[in-house]
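Participant: The structure's right below; bear with me while I get my questions together.
The values are calculated or read from the model by the stated rules, or taken from the named source; none is laboratory data. Small disclaimer: the values here were computed from a predicted structure and weren't measured. Note that each Cβ is placed from the backbone with ideal geometry, even for glycine, and that neighbours are counted across all protein chains shown. These accessible areas exclude ligands, DNA and RNA; they are computed on the full protein's heavy atoms, side chains included. Shrake-Rupley method; radii C 1.70, N 1.55, O 1.52, S 1.80 Å.
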Amino acid sequence: MQEVVPIDATNGTPQHTRLTRALSAEAPSVRLQAALAAGSSAAPGFLEPLIERCAAEPDFFVRDMLSWALTRLPPEITLPRIRQELDSQHPQARSQALHTLSKIGDRMVWPWITGDMLYDADDEVARTAWRVAVALVPEGEKEDLAAALITQLGRGGRGVRLSLSRALVDLGDETRPVLAEAADDPDPAVAAHARATEWLRQHPEAGLDEAKRVVMLGPEGAAAADAASGAARTVGTAGTGGTAEPVRAAEAVGTAEAVGAGPAGTTEATGGAEIADVPETAEVPETVESAETVESAEPVRC
């Protein structure tokens, strides 16, 4: 049986102490319940325990519930405290503070999103900063933001590159000229990422893997590869002898192997199989029917 955490907003009371203790319990379901209880109460006395737990919480769903709980508190006390966390020495504290700002959605905090955050050495902090910046940027500063984000092309693995591409796509037409310029960058990783992002901007329904494939093969080449692959598979399902090799060859076209068949070093420089359509941070609903249901889901981190 899980312990039900009683709610009391007064610091120093036994109930407040029990909630604080529950936020660091061993079982994620207990921590989730404690964060949900704090948010449901929306009592200012829970601000500090929630903020402190954000910096240490290892579970994705609990972290998102902590952010939700913070959005339920009065913004006049929450925002100044979150701003302090943006200067924390702990990357998770910075990342979670940025994530919480995105949930609050107050455009008045735009000046808090500095260049240092966009270029943060920690990938999770930078990815979160890109997403928040695009969400909060004023109309007149989109060009400057595009110029800042473009300097991060070619950075990191598939999740990081996809996050940047999505941020640039979501930013709008301001990214078109900077992407065109970056497509001629002497660094092949930067150039390939820029071309793939531009293609993705024009085909937002596609994933970045597909974008990079079309960039490497060209639209006509990618279409021909798809046709060849479909034909080979049709032959294979008909039971015709000796079709295994054509099927494998056709499937290789348009995958990371086909990308690697380009100029020397293409796979490594462009990310090849390192870039895939990885979901961004999942939205967590404001109410959770059971901790067990949340625990059974597969967490996806942005």
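Participant: Net charge within 9 Å of residue 126 by Cβ-Cβ distance, Lys/Arg positive one each and Asp/Glu negative one each, not counting residue 126 itself? Please list the in-between numbers first.
Facilitator: On the way: positive: 127, 155; negative: 120, 122, 123, 124.
Here the charged neighbours net out to -2.
Participant: Rounded to whole Å, give me the distance from the Cα center of the range 153-201 to that of the range 13-72.
Facilitator: Comparing the Cα centres of the range 153-201 and the range 13-72, I get a distance of 38 Å.
Participant: Classify the range 131-190 from the C-alpha gyration tensor, please: rounded if a/c falls under 1.5, else prolate or oblate depending on whether a/b exceeds b/c.
Facilitator: Details: a/c = 2.40, a/b = 1.35, b/c = 1.78.
Since a/c reaches 1.5 but b/c is at least a/b, the shape of the range 131-190 is classed as oblate.
Participant: Another one. To the nearest 10 square angstrom, how much accessible area does residue 203 have with a 1.4 angstrom probe?
Facilitator: Probe radius 1.4 Å; accessible area of residue 203 about 60 Å².
Participant: Excluding residue 148 itself, calculate the net charge of residues whose Cβ lies under 15 Å from the Cβ of residue 148, where each Lys or Arg counts +1 and each Asp or Glu counts -1. Each step should come with its number before you reach the end.
Facilitator: Details: positive: 127, 131, 142, 155; negative: 116, 120, 141, 143, 144, 170, 174, 181.
Neighbourhood net charge equals -4.
Participant: Calculate the FRET efficiency for residue 17 and residue 205 from the Cβ-Cβ distance with a Förster distance of 51 Å, rounded to the nearest 0.05. Working shown, then result.
Facilitator: Working: r = 51 Å, r/R0 = 1.00.
Working from the Cβ atoms, E equals 0.50.
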